[in-house]
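Asker: The structure is given below, and queries will be raised subsequently.
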Amino acid sequence: MHPENTTLLYFSPTSTTKTILNEIAKGLDQNVLTVLDITNPDFRAQAAPEFKDSLVLIGAPVYGGRLPKDAADYFKTIRASGSLAVLVVVYGNREFEDALLELKDIAVDGGFVPLAAAAFIGEHSFSNDEFPIALNRPDKDDLEKAFLFGKQIANLLDHVKNPANISPVNVPGNSPYKKSMSMGPFSFITVTNDCDNCGVCITACPKNAIDEADTYATLDNCIFCCACIKACPQHARVIKTSPIKDKAKWLSEEYALRKEPQTFLTAI
Ligand SMILES: Cc1cc2nc3c(=O)[nH]c(=O)nc-3n(C[C@H](O)[C@H](O)[C@H](O)COP(=O)(O)O)c2cc1C
Ligand code: SF4
Ligand code: SF4
């Protein structure tokens, strides 16, 4: 059974989740009819879609071993009437802990039948030249694994007669989940004189947390995603001495050993 509609739905401030989902979709070789990028706050403000007879690839990064709150809150509003789901979390080479289980629980509550899931690795949001953490990932190997995972899902779909008879895929994680991360608010970005007022950081920010009127300063609703830092063409947004800089140093030292993607398929 191959669903008529395939959708990619993701929250991906620094685009690693987006890259992985696109590669899985290539391996799946279905017609991708819809891309729903919920990174943009204006998009999240709209009513969530309802899915029927669809296949939906849902992706989000791992924040503190959980889903980012903005992504989780949006996912909880989706209704799916037995549509199939592929669930993907992308983490920065530390751990993904309870994020994939949290995503699965939300998907099942919304009416999805999750038949496959995965945890991939992406360059850590806090990574930079001074403190590299999973630098340049996903790389060629990761993308090959994502493509292959897509092919495996396509094979699985060949054997699905009725989604209602599928058991949701088993994924690692603990319930109750790890306590949600609480950080800040505190200031962690300096804007240097290289800023040329291009406004790219404003477009990249998933929280409308940059004040154009005040030298592109960061506001208190910032979620530390670092999208603005990575998007700035002038490299004018710099992580200053702060708990984030300390964390980046610690992560680059403690999690230097490469981790590999993990994939999970339901048994049919
Ligand atoms: C606030 C915050 C918390 C994070 N927590 C974790 C974590 O618990 N484990 C981990 O391995 N990576 C963690 N990361 C790194 C991201 O999961 C990783 O960089 C991911 O690739 C970002 O996805 P994106 O490119 O789609 O935004 C965190 C990043 C941020 C910004
Ligand atoms: S993206 Fe960089 S250069 Fe452009 S306005 Fe923002 S801080 Fe300034
Ligand atoms: S201001 Fe904060 S929330 Fe906005 S892009 Fe930068 S780090 Fe992310």
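Asker: Name the single residue that is surrounded by the fewest Cβ atoms within 10 Å (Cβ to Cβ) among those in segment 219-228 being within 13 Å of ligand 2 (Cβ to nearest atom) and closer than 13 Å to ILE202 by Cβ. Talk me through it step by step, then tell me what you get.
Answerer: Step one: filter segment 219-228 for residues within 13 Å of ligand 2 (Cβ to nearest atom), giving 226-228.
Next, only the ones that are closer than 13 Å to ILE202 by Cβ stay: 227-228.
Values: ALA227: 22, CYS228: 26.
By that ranking, first place goes to ALA227.
Asker: Show the residue pairs meeting these rules: Cβ distance below 8 Å; 6+ apart or different chains; first residue within segment 208-225 and closer than 11 Å to ASN197 by Cα; second residue within 16 Å of ligand 1 (Cβ to nearest atom).
Answerer: TYR216/CYS201; TYR216/ILE210; TYR216/ARG237
Asker: Criterion first (touching an Asp or Glu at 6+ places or on another chain (Cβ under 8 Å), under 24 Å from VAL32 (Cβ atoms) and part of a strand (DSSP E or B)) does PHE120 satisfy it?
Answerer: yes
Asker: Which number in (1) over 19 Å from the mean Cα position of the chain (by Cα); (2) under 29 Å from PHE149 (Cα atoms) marks the one condition that PRO261 misses?
Answerer: All conditions are met except number (1).
Asker: Something else about it: Run PHE188 past the list (1) out of contact with any Phe, Trp or Tyr (no Cβ under 8 Å at 6 or more places or on another chain); (2) under 23 Å from GLU95 (Cβ atoms) and report the number of the one that doesn't hold.
Answerer: (1)
Asker: Shifting gears a bit: Can you tell me how many residues in segment 213-260 are in a loop (DSSP other than H, G, I, E, B) and more than 12 Å from ligand 1 (Cβ to nearest atom)?
Answerer: Quick first cut of segment 213-260, residues in a loop (DSSP other than H, G, I, E, B) only: 213-216, 219-226, 232-236, 240-242, 255-260.
Still in the running and more than 12 Å from ligand 1 (Cβ to nearest atom): 213-216, 219-221, 232-236, 240-242, 256-258, 260.
Counting residues in segment 213-260 that are in a loop (DSSP other than H, G, I, E, B) and more than 12 Å from ligand 1 (Cβ to nearest atom) gives 19.
Asker: Of the residues LEU157, LEU135, LEU87, LEU101, which single one is of a type outside the set (Lys, Arg) and part of a loop (DSSP other than H, G, I, E, B)?
Answerer: The conditions single out LEU135.
Asker: Answer yes or no as to whether SER180 is assigned to a loop (DSSP other than H, G, I, E, B), touching a residue at least 40 places away in the same chain (Cβ under 8 Å) and under 21 Å from GLY64 (Cβ atoms).
Answerer: Answer is yes for this residue.
Asker: Could you please tell me which pairs satisfy a Cβ distance under 6 Å, a separation of 6+ or placement on different chains, a first residue in segment 56-79 that is of a type in the set (A, V, I, L, M), and a second residue that is in a loop (DSSP other than H, G, I, E, B) and within 13 Å of ligand 1 (Cβ to nearest atom)?
Answerer: Correct list of pairs: ALA60/PHE11; ALA60/LEU67; VAL62/PHE96; ALA71/PHE11.
Asker: Need the failing condition index for THR203 against (1) part of a loop (DSSP other than H, G, I, E, B); (2) within 16 Å of ligand 1 (Cβ to nearest atom), just the number.
Answerer: All conditions pass for THR203, except number (1).
Asker: What about THR16, is it buried (at least 18 other Cβ atoms within 10 Å of the Cβ), within 11 Å of ligand 1 (Cβ to nearest atom) and either over 22 Å from CYS201 (Cα atoms) or assigned by TED's automatic domain parsing to the domain that holds ALA85 (or both)?
Answerer: Answer is yes for this residue.
Asker: If you don't mind, another one. Checking the condition in contact (Cβ under 8 Å) with a residue 12 or more places away in the chain, within 8 Å of ligand 1 (Cβ to nearest atom) and within 28 Å of SER180 (Cα to Cα), which residue from GLU95, GLU102, GLU50 passes?
Answerer: Result of the check over GLU95, GLU102, GLU50: GLU95.
The values are calculated or read from the model by the stated rules, or taken from the named source; none is laboratory data. Note that this is a predicted model, so its numbers are computed, not measured. Cβ atoms come from the backbone with ideal geometry, glycine included; neighbour counts cover every protein chain shown.
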